[in-house]
Structures are given as C-alpha cells and as structure tokens.
1. Explain nothing, just the number: relative contact order of the stretch A:8-53, from Cα pairs under 8 Å at least 6 residues apart, as a whole percent.
2. What is the mean number of Cβ atoms from other protein chains located within 10 Å of the Cβ atom of each residue in peptide B:54-63, rounded to a whole number?
3. Could you tally the net charge around residue B:42, taking each other residue with its Cβ under 12 Å from the Cβ of residue B:42, Lys/Arg +1 and Asp/Glu -1?
4. Given charges of +1 on the Cβ of Lys and Arg and -1 on the Cβ of Asp and Glu, with all other atoms neutral, how large is the dipole of the protein assembly as shown about its Cα centre, in debye to the nearest 20?
5. Translational D (Stokes-Einstein, µm²/s) of the stretch B:1-148 at 20 °C and 1.002 mPa s when Rh comes from the Kirkwood sum over C-alpha pairs?
6. May I ask you to evaluate 6.51 cos²θ - 1.76 cosθ + 1.60, the Karplus curve with θ = phi - 60°, for each residue of the stretch A:199-216 and list the ³J(HN,Hα) values in order in whole Hz, giving x for glycine and proline?
7. Are there GluC sites (Glu not before Pro) in the stretch B:10-87 that DSSP marks as loop and that have at most 11 other Cβ atoms within 10 Å, and which are they?
8. Counting Lys and Arg as +1 and Asp and Glu as -1, each charge on the Cβ, what is the dipole of chain A about the Cα centre in debye, to the nearest 20?
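Computed from the coordinates by the stated procedures, all read-outs in this text should not be read as laboratory data. Predicted model, so just to flag it, every value in this text is computed and none were measured. Using ideal geometry, Cβ is built from the backbone for each residue, glycine included, and neighbour counts are taken over all protein chains shown.
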There are 2 protein chains.
Amino acid sequence: MGRNRATLADVARRAGLSKTAASMVLNGREGTRLSAEAHQRVFAAAEELGYRPNLAARSLRTRKTATIAFVSDIVATTRFAGDLIRGALDAARERDHVLLITETQGDATFEQYAIEAVLDRQVDGVIYAAMATRRLTVPAAILGGPVVLLNATSPDGLPSVVPDDEGAGRSVAAALLELGHRDAIALIGRNRLKEDDPEVSLAARARLRGIRQTLDEANVSLLAECFCAEWLPEHGYAAMRGLLSKPKRPSAIICMNDRLAFGAYQALGEAGLTVPEDISVISFDDDPIAAWLRPSLATTALPHEQMGRRAVELLLDGGAAEPALVPMPLRRRRSLAPPAA
Amino acid sequence: MGRNRATLADVARRAGLSKTAASMVLNGREGTRLSAEAHQRVFAAAEELGYRPNLAARSLRTRKTATIAFVSDIVATTRFAGDLIRGALDAARERDHVLLITETQGDATFEQYAIEAVLDRQVDGVIYAAMATRRLTVPAAILGGPVVLLNATSPDGLPSVVPDDEGAGRSVAAALLELGHRDAIALIGRNRLKEDDPEVSLAARARLRGIRQTLDEANVSLLAECFCAEWLPEHGYAAMRGLLSKPKRPSAIICMNDRLAFGAYQALGEAGLTVPEDISVISFDDDPIAAWLRPSLATTALPHEQMGRRAVELLLDGGAAEPALVPMPLRRRRSLAPPAA
DNA sequence: AGTGGTCGCTAAACTGATTTAGCAGAGCAT
DNA sequence: ATGCTCTGCTAAATCAGTTTAGCGACCACT
C-alpha cells in the first residue's frame, strides 16, 4: 500500500531547503521567518512530488493520529447503528479525522481487547457508544484521554450525547391531546426492567415521564397501560389483542416503540379495525418500517445521525459537561386522526 | 491518550539486555540464539511494566499497521451494513487487526478524500464495499496494495465476495415446487434497470436466473411477472393488488425482496386473504421484518456477516481470484403451504 | 599456532516526520 | 572595532520501534 511516496526530505531537497524549513512551511507555522520565496518553493516542490506526509512518522513525534476510536457494545443488531456511525463519520471527515471501529459485544474479554487495540494505535479520543440508550461505566483504561459517551450516560459525569426521550414523550402525548383524544388513550410497552434499571434503558423511563407530565397537565389519565416483556412486534400484537378484548375500546394508542406499533397494527388488522379512523396510533423511534406501514405510522425519530455528529464535535471541539440532549422530531403521519365521534 | 507507557528501551533495561534482544524475544523471532534465560527475563520485564509496543513507531519501520480500511459507498442506508461490518470486525479481531471505516456516499470528492485518508494511514489493505450487490470500478489509487471487493465485483478481476443470489433463486423456486405449486406461481419485482445494469444490481438478474432455471427444469412457467420501479413495500402492495384483480389467482408469490413481500402482505390482508392458506409467499434478503410479519415470512438470507468475514480472510490470508460466492440459506417460515385444493 | 565455526548478544543505522537550539550575515549604534 | 538585534535559515535531537552488521568468547580441527 502506497510504496515509494515522496518524503519530506525529498520535498526539501527539491526546494533547495532544509527539512526543517519544509516542515514549517507545510504546517503553516506562524512566527517563522522564512521568506515568501521559500514558501513558494516548498509548496511547488510538494505539489510536484505529490507529497503526502507519513502519518505514522508524524504521530510518533506528535502523539496525535487524527483518528477517533468508535467503541460500541453492539454495532450490528439494531439498524440504527449505521446512522450513529454515519453521523460520526461525517463530522470526523469535516475535521480531517478518521474513525477506527471496534465492538465489545458486551463481552469483557472483547472489551479489553478493543480498548488495548485502540490505545495501542494512540487514538486522539474515544467515542463509547451504546446501542440502547442506557447508563454504563466505562473501562478505566480509556480515561487517560478524551472520551465521549454516545447514546449513554455514565456515573462519572463524562460528556455524553443522548436523545431527548422525555421531550419525545411530551410531543407524543401533546399530538394526541391536540387531536382531541382524552379519556381513551392507552399505552403499550410498560416494562419494569427497562424503566427501573438505567443500565438496561434510560429511554423507557424518560418517555413515560414525558407522556405522564403532558397528560397530567391536561388533567388526563391513561385508559390502560400494557406491560410487555420485550419491545418486539409479537408483544405489541398480544398487548393490542388484550386491549381489544376489554369493554372500553381506546381511541388512541401510544406504543413505546415502532416495533410494538407494528405488532399492534397486526392485531388491529385482524380485528377488522382501521387506523386511524377507529384508532389512532403513535410511537417512538422512526424505524424504517414506520414509513412502510399502511397507514404510515406517526412517531418521534431517534436522531441517531445528529447524535453521532454531536459526539465527534464534543470530543474534538470540547463542550459542556451535562449530557447533550438531542431533540427527537415528531413525524406526523397517517396514523393520527381525531377520535371517532 | 495513554501517556507514560513503558517503551521497549524500558523493558530492555529492566531485563538487563539490549533493545535488539528485547525486540527479538517479544516478536518471537526464529533463529535468534538468545538463551532461554534471556527470553525469560524479557517476558518478565515486559509483563511487570505492562509493556505494549507503540504501533506508530513499529509501522514507521515495518510499513505494517495491522489496520484494514473498510471503504463503502453508503454505510447507513441499509440495515445490512451493520452485519457486513460486524463480520469483518470479528475476522479482523481474530487476526489482530482493526478496521478503519470511511464512506464515499457515492461522491467522487468524498471518495478521493477517503482514499487519501486511508492511504496516509498506511493501511495494510482495503475492503471496498457496496451496499447493494453490484459491479463497480475501484479508484486506481488503492490498487497499490491488497484490495478485496465486498458485495461487489469489478471488471479488473479483483478478489471479491458476493452472495449466491442465483443459488437463492433456485432454493426459492425449489421450495415452492416441493410443496406442489406449479402453474400458479407469480413473481413480484421484475425491474429492467436492476436486471440489465450490473452497476446498479447484480442480484436481480442472478435471482431471476436461478428461479427460471429451476422452474424450467420442472417444466413450469410463471403465471405472472410484475414489474416494480423500486423494491419497496408500496410497490409490492401495488403489484399484489394488480395480481389479485386478475381472473386467475396465484397459489404462490415470489417477491424479489422482503420489503416487496411486506407490501404484498398488506394487499393480501386488505383483500381478506390468508397467508399461507390462500397464498404462499417467499422472498429474498431475510430483513428483520421477515421474522416479524404475521405469519413469519419464508425467505433466503443475505449472509452479510459471513461475507464481511470472508472479505477479511481473503484480504489477509489470500485466496482465489474468482468471486467467492457465499450461500444464501433458506429460512423456512410460516408463509409456505401446499396450494389450496 | 592458526583457522573456522558457533553461540549469545549488542551497537548503530534506519523509518519520516517535528522541534529545539543556534548559526551566519546584515544593519545599525556606539 | 565592538556589541547588539534582527533576519533567514539549518543541524541535530527526538519519537519508539526493527533490522543489519558484527563483536568477543569459546570450541574443534588441522
């Protein structure tokens, strides 16, 4: 890979100057007293030789690599990982940095390995990402340098970037109230584990808090709350069937994520009910299926790309200590309507 | 990041030997005549100091970085990207390598930038990945070192890894024939652009060829073939409605991907038809929605994780010149049944 | 006694950049 | 003539490894 590239010495020789001079000119050092003509000659020589600095040599000296480590627990399982990475990639490129990606798979041995691998490569900083918004403790080994938590917070008060799930909860509730839904709103996706253990999820509790707050302010209480062991379609399906078997049919359903909503749609379809004429549905995440459903599903989008970007910005440009809350925009779609008269 | 680490010189000093000796011992060099005792002392010293070599210094000399570049056109748009990366990540870790990820976004400027960034970092090889299986031409600049194409082939005959779409086509057709479907099989997702332009897709043509071949051998011809402008749910929905409006109802549907099948399910649901009792459905990709649908969708899985893994293996361990075809396993699920009597 | 070979190890060069310390010459005042 | 400052530039050290060339001691053989 890239043999016989011109070196700084080649450039200097061609410009008839010393390596020192060439280095200073190319790095745009202030306060050097090299003549305009010397600058000229160095630039010309570098251009002619197609000079590109050897970054290994540079970082040996400077201890900077223009490389950021992106360490995550699991990159593959959720389709959102790509967006997180893409946002980070974009922001990194803008700052002339590059991303080194590793995965711990939630395994301590792999984590150890991943940390060593990135430390050995002298990365300039680490983005420690979680695929589900949660609290975690970062391995002590990486605390030697800059770290930003992505989609996670830590007890250590490290800089972090998380979605504004509480705000999303408020938006969702407000959207229903606005349409006139009041006393027949049901919630699908309560989950004690997710709500009570911040190491499992921070989203569940925050979303619930947002919903409650807005409903309380309007003096509305939920018609029903369904607990689900997981936030998967089958659980949404079961919950929805449960709701439909009760005497009072809800006018609107809030699902804690789009996959639950997908399951709810299936149950509604089987029951011969129509969204949104019979029942409105609104949800969280903006998974691609939300737009594919019929009718398309209103939801609040996890701003993963934004978050990835913010993490890099925080890491390289520095920033506030308290968690950066990235807003979750409401996607108004066809699954919303006023309650049936 | 990682200041004050022990250096090789520290290890050597502590072991009472030269840097040369320490280096040779730690690298397990054969044919050196260092005593067993010297080995011992070096290992002990390295262990005690928690020595880890500085990879920048090493690669300055050796021109090896134990780093692989993963350059792709678009990492985020498909949910499969994560699997590709994960497979590559796993295989890389097993070989003590790490992945540098960049994205070209199909933009020439970004591509140029990405190539330079990875070349500057002296990566040991490049995996050039496409998110849709297709033919592409790789930028000349990276041809200086090892390159493997992932999910793509090139006219230059570079080593490449692609899914066996033709085999998948055969599996899909065979699965239907096996159940007794013969003269009422319809196909959703024909698309001239995808079939005719290898730079857009290689999958469409290969899948079609596989299907045709197996049906031909059984002397069966397709009842209908629906063209779709894109392989998205809405197009599958429209195609399915079209099919249902015709006099002869199909007994089974082959969809060119799961998203089309998702759309087809929606149309079937609306028409009051049941899968698989009224109509069987089978498809390609094994998108997560396939398992979430009711009934779960039989499909052939894109082996993205395997592919990512193979790419790294090919890059580092070397391998055949012809494209490595990774089999697409058939996932038998609930959407299949014998034709209604 | 001289020659050659093996053993166990090391000094020093080398990779390609950055950075520190400082030199030569010009101009000017004393 | 001396000292001083300023300008424009460079030699050499440095980063932390790998690699080449070779040294001294010891033994065997002629």
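1. 45
2. Mean inter-chain Cβ contacts per residue within 10 Å come to 6.
3. Local charge sum for residue B:42: +1.
4. 1140
5. 120
6. 7, 9, 7, 9, 5, 4, 5, 5, 4, 4, 4, x, 4, 4, 4, 5, 5, 4
7. B:30
8. For chain A, the charge dipole is close to 880 debye.
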